[in-house]
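K.L.:
After the structure tokens below, expect a handful of questions from me.
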């Protein structure tokens, strides 16, 4: 998985009051292109998200490039470089400085958890089909609710917790009906999902003060280089001679270089499009689109990789997605 960092600021797409019947011709002309560009951003977000997921699966499982930590390090290296270009040169968003050593330590802690999530997710793709991977990943709200309660003692409304029942039940059903179930892959995917939820909760706690808030693009700018520093020794220790193997493989099949470059670039664009879609719509819209994206990724992966699926597994996944939709609606109503 490419991995994304959360976006704190929420901006409405269109501001102002009044009925659409009062829109002038100039307003209509300005609105239509904006709507088209927003649709384009959503399509790009879907393409980059699903693309990096499927390409990860292809590289780690079908192609035989069995180095998930090195692959994650390539992702983080690309994120570090592209983030600097986007913010430092292209000025896509204003650069936000790290204001204290304490804030830097907090960012470093988030980066380590972020690495754990992405590496675990990539490892799971070696052993699990994308469809089952997405089913487990859909349980993120459950882990988020658990960590939020443990770390902040903040309770949600009872209806919110009730909606988590089908989320978990669906994964249990999907696990029992998964023809390609692999225990180690399952544990790694659960670890990735839990780490992703933990990072989200910690980010809200550690960077909650006004002086410490960073938007997702600036947070990625600082987290990515730290991630590379963390992943480099892990790669050298756990995947020795990976660079030599990759070079030898590239001499036999130069396609591997192209695949790694495209895959790493897409890992950054997942974060960029995630940021832009949230900015031009809302966090709730992104959540709804994310639920649909998971379903699209499942269908596309089955068509491409032709992994066996069972009716029980698909019913379990459907129940999980339905639970996530109910959870999102319950959260919205409570707010």
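K.L.:
Condition first: closer than 18 Å to residue 260 by Cα and either in contact with a helix residue (DSSP H, G or I) (Cβ under 6 Å, 6 or more places away or on another chain) or in contact (Cβ under 8 Å) with a residue 40 or more places away in the chain (or both). Now tell me which residues in segment 228-242 satisfy that.
P.N.:
Across segment 228-242, the qualifying residues are 228, 231, 232, 235, 239, 242.
K.L.:
Go through (1) closer than 30 Å to residue 304 by Cβ; (2) surrounded by fewer than 18 Cβ atoms within 10 Å (Cβ to Cβ); (3) at pLDDT below 95 and name the single condition residue 81 misses.
P.N.:
Of the numbered conditions (1) closer than 30 Å to residue 304 by Cβ; (2) surrounded by fewer than 18 Cβ atoms within 10 Å (Cβ to Cβ); (3) at pLDDT below 95, the odd one out for residue 81 is (3).
K.L.:
A further question follows. Have a look at 241, 271 and point out the one that is out of contact with any strand residue (DSSP E or B) (no Cβ under 9 Å at 6 or more places or on another chain), buried (at least 16 other Cβ atoms within 10 Å of the Cβ) and at pLDDT below 95.
P.N.:
271
K.L.:
Name the helices (runs of 4 or more DSSP H) wholly within segment 95-184 that hold at least 2 residues that are over 30 Å from residue 304 (Cβ atoms)?
P.N.:
101-127, 140-152, 158-176
K.L.:
Condition check: surrounded by fewer than 20 Cβ atoms within 10 Å (Cβ to Cβ) and under 17 Å from residue 123 (Cβ atoms). Does residue 234 satisfy that?
P.N.:
Against the criterion (surrounded by fewer than 20 Cβ atoms within 10 Å (Cβ to Cβ) and under 17 Å from residue 123 (Cβ atoms)), residue 234 qualifies.
This table checks each residue for (1) crowded, with 16+ Cβ neighbours inside 10 Å; (2) in contact with a helix residue (DSSP H, G or I) (Cβ under 7 Å, 6 or more places away or on another chain).
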position: 279; (1), (2): yes, no
position: 282; (1), (2): no, no
position: 287; (1), (2): yes, yes
position: 290; (1), (2): yes, no
position: 296; (1), (2): no, yes
position: 304; (1), (2): no, yes
position: 308; (1), (2): no, no
position: 311; (1), (2): no, no
position: 316; (1), (2): yes, yes
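K.L.:
Could you list, in sequence order, the residues of segment 287-335 that are closer than 18 Å to residue 127 by Cβ, more than 18 Å from the chain's Cα centre (by Cα) and part of a helix (DSSP H, G or I)?
P.N.:
Hits for segment 287-335 are 302, 304, 305, 313, 317.
K.L.:
Output the residues belonging to segment 195-225 that are in a helix (DSSP H, G or I) and either more than 18 Å from the chain's Cα centre (by Cα) or under 14 Å from residue 108 (Cβ atoms) (or both).
P.N.:
Passing the criteria: 199, 202, 203, 205, 206, 219, 220, 221, 222, 223, 224, 225.
K.L.:
Do we have residue 192 as under 15 Å from the mean Cα position of the chain (by Cα) and closer than 26 Å to residue 315 by Cβ here?
P.N.:
The answer is yes for residue 192.
The values are calculated or read from the model by the stated rules, or taken from the named source; none is laboratory data. From a predicted model like this one, the values you see are computed outputs, not experimental measurements. Quick reminder, even Gly has a Cβ in these numbers, built from the backbone with ideal geometry, and neighbours come from all protein chains shown.
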